[in-house]
Amino acid sequence: MPTGSCICGAIKYSFDVQPSAKVSTHTTPEHSHPQDTLRVITHTPLNHQCLCHCLSCRRITGTTAASVALIPKADFQTTASAESVPSFRQNTITHEAGMQITYVFCSDCGTTCWKTANAGWPDQIIVFTGTLDDASFEQFKPDAEFWVKYRAPWLESLEGKGVAQVQGFPEA
Ligand SMILES: [Zn+2]
Ligand SMILES: [Zn+2]
């Protein structure tokens, strides 16, 4: 079972599903077409993983791009809450696409652990995979890049490696 936490360990979580890619296995990098891959993802929105280059992820995580995994809320467990963990915080912002994004972070160590969105994927926990424990993190492999127009100009695209290139968010 994948597990993760903030860097001080106050906020812990786990989930029952593997954040495995749902891209069709017979789609090879040589023959994949970004639209085909996007269509597959669109029809199987659960559990998929991506690098998100959006401006909100960049700012929230303080990094070049966010690596995230979508986990159905029913499969996600945490005992951390504002009541149980003194450093548990959440903050809601308006994403540049207009939806409300609520992200959870630890006020002691500053780690942002996951986020939720009120539109697009309302039934998903969007885990920042850098907070996964090592063995769980190593299972991470993105199947898409979102908001590629904001990708850092010096960062190489993963196009052609089975990673869909998506402008904005795909349809959920
Ligand atoms: Zn912490
Ligand atoms: Zn993002």
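No lab work stands behind these numbers, since they all come straight from the coordinates. Nothing here was measured: the structure is a model prediction, and the numbers come from that model. Backbone-built Cβ (ideal geometry, glycine too); neighbour counts: all protein chains shown.
With charges only on Cβ, +1 for K and R and -1 for D and E, what is the dipole size of region 87-172 about its Cα centre, in debye, rounded to 20?
On the way: 6 positive and 11 negative charges, 48 e Å.
With only Lys, Arg, Asp and Glu charged at Cβ, the dipole is about 240 debye.
How large is ³J(HN,Hα) for each residue in region 113-124, as worked out from phi by the Karplus curve 6.51 cos²θ - 1.76 cosθ + 1.60 (θ = phi - 60°), to whole Hz, x for Gly and Pro?
9, 7, 9, 10, 10, 7, 9, x, 9, x, 9, 10
Pairs Lys115/Lys149; Lys73/Lys115; Lys12/Lys115; Lys73/Lys141: which exceed 18 Å Cα-Cα? Intermediate results must be reported in sequence, preceding the final value.
Values: Lys115/Lys149 22 Å; Lys73/Lys115 11 Å; Lys12/Lys115 14 Å; Lys73/Lys141 21 Å.
Result: Lys115/Lys149; Lys73/Lys141 exceed 18 Å.
Once Lys and Arg get +1 and Asp and Glu get -1 on their Cβ, which of Ala74, Gly120, Ala144 lies farthest toward the positive end of the dipole of region 64-146?
Result: Gly120, furthest along the dipole toward the positive end.
When the chain is fully extended, how far beyond the present Cα-Cα distance does Thr64 get from Met99, taking 0.36 nm per residue of separation? Mind showing how you got there, number by number?
On the way: separation 35, 0.36 × 35 = 12.60 nm, distance 2.14 nm.
Going from the current span to full extension adds 10.5 nm.
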